[in-house]
Amino acid sequence: MEFLLAIITGVLYASGIYLILRRSLVKLIIGLVLLGNGVNLLLFLMGGLTKGSPPIIADNVKTIGEIYADPLPQALVLTAIVISFGLQSFAIILIKRAYKVLKTDDLDTLNETDNI
Amino acid sequence: MNAIITYPLIFQAIVSIVLLFLWQNVKAQRMVSIIGSAIGLSISVVLFNQVWQKGTIAIQMGNWEAPFGITLVADTFAVTMVVLAHIVAMAVSLFSTKGIVASRVKFGYFPIMHLMIMGLSGAFLTGDIFNLYVWFEVIIISSFVLLTIGGKKAQIEGAVKYFTLNMLASIIFLTAIALLYGTTGTLNMAELATIIPEIEDRGLVKIIALIFFLAFGVKAGVFPMYVWLPAAYHTPPAAVSSLFGGLLTKLGVYAIIRVFTMVFPVGLFTYEWIGIVGVLTILSGALGAFVQKDIVKVFSYLIICHIGFMIAGFSIGTQLALTGVLFYMFHDIIVKSNLFLVSGVLHRITGSTKLASMGGIMENKTTLAILFAIPLFSLVGIPPLSGFWPKISLFGGAIVSQKWYVLAALIFGSFMTLLVVAKVWLAVFSKPLPVGSPKKLFKYFDDFNPSEKRILVIPILLLAIVSLYFGLFAEHIQQLSARIADELINNQTYIETVFRK
């Protein structure tokens, strides 16, 4: 399972980087979305995949005896997903706006602010 | 008692919520923002005073003991940055009352600005790397909105570049966090400081450190990831540029200093390549500033050049050099914010930001010219002014550690800064205003009534007084920087404070 997830993470990173290197504005955003998903998966994977019970300590004992799933990566991934959701919706509005104002989808023509 | 750490955050959130209720009421928003900034500044000064008197304090959020919960830590470094952020916020709030037009205010300029100050305070005060990431996101989302409010063509174009690189930086940052968590099993900085030296796989630690440097480097604008900065910073109104130029890039430097001194200290990690990146940043910033013909872009490249000073200085890795870096950073926050405000007023006076079509300030507005000279010459570091003193420690650190390439780059950078400032002075202040420049449909400085003019100038005066204080009472700031450098290098107090039961 780890191996499979590692491969998927790699593919997501690679395709994300490939897409952000393209000249199209839309592909740029899709690339960023894929990278964002890749990193969430990586975070999840790095927390360790265990088939364990939730880490709840019963009333009458001091520690957890059995194997438990680390809750922290799940909390981190959840936070990261929410944040990337917000950013991605902003990105989509931004490219819509950019297309309206600049009338182009080609990143190579976006060089007006860099002119001396 | 330590709950005072959270007050700057909670207070800015409250101000921002109050402002949201006043969505359409421009006048009330302006009043609330100024009052809110003033109270926020006094809260942060009280916090600073407490930390200065009693030393580092920490609070565990939700009463989850470290390292399980999120810890907020107020050491001298964090509270100094919080105070500086609030000083800049105060000036920008005042400036925005006339510098930001009503239509922009109606799109939520003020609430977002206060959210950004909250994000900055949070990023400075947190003791947890994932929490740092969350605050970074709060800041960049606010900055996206501030950058795009108004929706002009150049703004949108700048925003696309700014957005892409900052989002990429966040993704890289999160990748680094994932790898760090997988390696160490914790994200609490105090605990990381004790765990990292025991990791056997040094190669992995180095790679994680590299990815962290890449992520923070994009935010700080170091070579070669600075391209978004001059493309974006000249597009929004001066008040927004001032906030960005003064605080956002320095946040990247803050994160580098904090994470590298706590988690990847000099003994464990080679700093050579950080120095090389810093030197290249100085070179590209200095040369970029020299060829630009737009005053705001000149200042943007100067930011890059001086970020290079801090990065190259930091790479020396001794306490002496770190003192210089910290002093330089404090001075730079105030001066750069001030310069962008100055560029806003100059734009209002001459109707342009192109060096060729500006001029005549010395002739027509002598008092203002003298006031504007203070931040400009502070930047160069003419002796009694604030830019001079940190360079003593910086140069001294480079000489003692025999980092000659850093020393050479610092001297080159200072020299180029002098040249660029002289060029700006000649073009804008002493050259007469070019005749025949067409009047634009635009509210010029002279069209404002005297009280409005005063409101535009007072924030500049306020920041100029702060930078004069930094220059004339340099021993206070030097003492403060030395204490922070000591706390950062001998981080036992920090760790003990976090884990105190």
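Is it true that some residue in the range B:353-371 is under 14 Å from B:SER241 (Cβ atoms) and aliphatic (A, V, I, L, M)?
no
Would you call B:THR80 touching a residue at least 60 places away in the same chain (Cβ under 8 Å), farther than 19 Å from B:SER467 by Cα and assigned to a helix (DSSP H, G or I)?
no
Which of the residues that make up the range B:263-283 are open to solvent by 20 Å² or more (accessible area, probe 1.4 Å) and of a type in the set (Gly, Ala, Ser)?
B:GLY267
Run A:ALA58 past the list (1) open to solvent by less than 80 Å² (accessible area, probe 1.4 Å); (2) in contact with a strand residue (DSSP E or B) (Cβ under 8 Å, 6 or more places away or on another chain) and report the number of the one that doesn't hold.
With (1) open to solvent by less than 80 Å² (accessible area, probe 1.4 Å); (2) in contact with a strand residue (DSSP E or B) (Cβ under 8 Å, 6 or more places away or on another chain) applied to A:ALA58, the lone miss is (2).
With of a type in the set (A, V, I, L, M), within 7 Å of another protein chain (Cβ to nearest Cβ), open to solvent by less than 10 Å² (accessible area, probe 1.4 Å) and touching a residue at least 24 places away in the same chain (Cβ under 8 Å) as the only criterion, which of B:ALA159, B:ALA169, B:ALA176 stands out?
The conditions single out B:ALA159.
State all residues of the range B:213-227 that are assigned to a helix (DSSP H, G or I) and away from chain A (no Cβ under 14 Å); if no residue qualifies, say none.
Those that are assigned to a helix (DSSP H, G or I) and away from chain A (no Cβ under 14 Å): B:PHE213, B:PHE216, B:GLY217, B:LYS219, B:ALA220.
Within the range B:1-12, is even one residue open to solvent by 20 Å² or more (accessible area, probe 1.4 Å), modelled with pLDDT under 90 and part of a loop (DSSP other than H, G, I, E, B)?
yes
Give just the number: which of (1) within 17 Å of B:TYR133 (Cβ to Cβ); (2) at the interface with chain B (Cβ under 9 Å from one of its Cβ atoms); (3) not charged (D, E, K, R) does A:ILE81 not satisfy?
All conditions are met except number (2).
Taking the range A:44-55 as the region of interest, how many residues are open to solvent by 90 Å² or more (accessible area, probe 1.4 Å) and of a type in the set (Val, Ile, Thr)?
Result for the range A:44-55: 0.
Whether any residue in the range B:222-237 is open to solvent by 10 Å² or more (accessible area, probe 1.4 Å), polar (S, T, N, Q) and within 22 Å of B:ASN131 (Cβ to Cβ) is what I want to check.
no
Name the residue, out of B:PHE442, B:PHE395, B:PHE412, that is part of a loop (DSSP other than H, G, I, E, B) and aromatic (Phe, Trp, Tyr).
None of the other options fit; the residue is B:PHE442.
For B:VAL253, are the conditions met, namely being buried (at least 24 other Cβ atoms within 10 Å of the Cβ) and either modelled with pLDDT of 90 or more or in a helix (DSSP H, G or I) (or both)?
So B:VAL253 passes the test.
Quick grid of which residues meet (1) charged (D, E, K, R); (2) closer than 18 Å to B:SER242 by Cβ; (3) free of Cβ contacts under 8 Å to residues at least 60 places away in the same chain; (4) surrounded by fewer than 22 Cβ atoms within 10 Å (Cβ to Cβ):
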{"residue": "B:ASN25", "(1), (2), (3), (4)": "no, no, yes, yes"}
{"residue": "B:VAL32", "(1), (2), (3), (4)": "no, no, no, yes"}
{"residue": "B:MET61", "(1), (2), (3), (4)": "no, no, yes, yes"}
{"residue": "B:ALA91", "(1), (2), (3), (4)": "no, yes, no, no"}
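Being open to solvent by less than 10 Å² (accessible area, probe 1.4 Å), modelled with pLDDT of 90 or more, within 14 Å of another protein chain (Cβ to nearest Cβ) and more than 12 Å from the chain's Cα centre (by Cα): is that true of B:ALA289 here?
yes
Listed residues B:VAL296, B:VAL342; which is open to solvent by less than 10 Å² (accessible area, probe 1.4 Å) and assigned to a helix (DSSP H, G or I)?
Among B:VAL296, B:VAL342, only B:VAL342 is open to solvent by less than 10 Å² (accessible area, probe 1.4 Å) and assigned to a helix (DSSP H, G or I).
Condition first: open to solvent by 30 Å² or more (accessible area, probe 1.4 Å) and closer than 27 Å to B:GLU65 by Cα. Now tell me which residues in the range B:458-501 satisfy that.
B:ASP486, B:GLU487, B:ILE489, B:ASN490, B:GLN492, B:THR493, B:GLU496, B:PHE499, B:ARG500, B:LYS501
Of (1) more than 14 Å from B:MET113 (Cα to Cα); (2) touching a Gly at 6+ places or on another chain (Cβ under 7 Å), B:VAL15 satisfies all except one. Which?
Exception for B:VAL15: condition (1).
Name the residue that is nearest to B:VAL134 (Cα to Cα), counting only residues in the range A:65-77 that are under 32 Å from the mean Cα position of the chain (by Cα) and assigned to a loop (DSSP other than H, G, I, E, B).
So, considering only residues that are under 32 Å from the mean Cα position of the chain (by Cα) and assigned to a loop (DSSP other than H, G, I, E, B), the one nearest to B:VAL134 (Cα to Cα) is A:ASP70.
Residues that are basic (Lys, Arg): which helices (runs of 4 or more DSSP H) entirely in the range B:103-193 hold 1 or more of them?
B:153-184
Just checking, does the range B:407-421 include any residue being farther than 29 Å from B:ILE276 by Cβ and surrounded by 13 or more Cβ atoms within 10 Å (Cβ to Cβ)?
no
Please give the number of the condition A:ARG97 fails out of (1) under 26 Å from B:VAL134 (Cβ atoms); (2) open to solvent by 50 Å² or more (accessible area, probe 1.4 Å); (3) at the interface with chain B (Cβ under 9 Å from one of its Cβ atoms).
A:ARG97 satisfies every listed condition except (1).
Kindly indicate whether A:ALA58 is among the hydrophobic types (A, V, I, L, M, F, W, C) and facing chain B (nearest Cβ under 9 Å).
Answer is no for this residue.
Go through A:ASP70, A:ASP114 for me and flag whichever is open to solvent by less than 60 Å² (accessible area, probe 1.4 Å), acidic (Asp, Glu) and either within 8 Å of another protein chain (Cβ to nearest Cβ) or under 30 Å from B:PHE68 (Cα atoms) (or both).
A:ASP70
How many residues, within the range A:10-32, are more than 10 Å from chain B (Cβ to nearest Cβ) and either within 25 Å of A:GLN74 (Cα to Cα) or not in a helix (DSSP H, G or I) (or both)?
Of the residues in that region, 10 qualify.
The values are calculated or read from the model by the stated rules, or taken from the named source; none is laboratory data. Nothing here was measured: the structure is a model prediction, and the numbers come from that model. For neighbour counting, all protein chains shown are included, and Cβ atoms are generated from backbone atoms with ideal geometry for every residue, glycine included. Areas reflect the complete protein model, heavy atoms only, side chains present, ligands, DNA and RNA absent. Shrake-Rupley method; radii C 1.70, N 1.55, O 1.52, S 1.80 Å.
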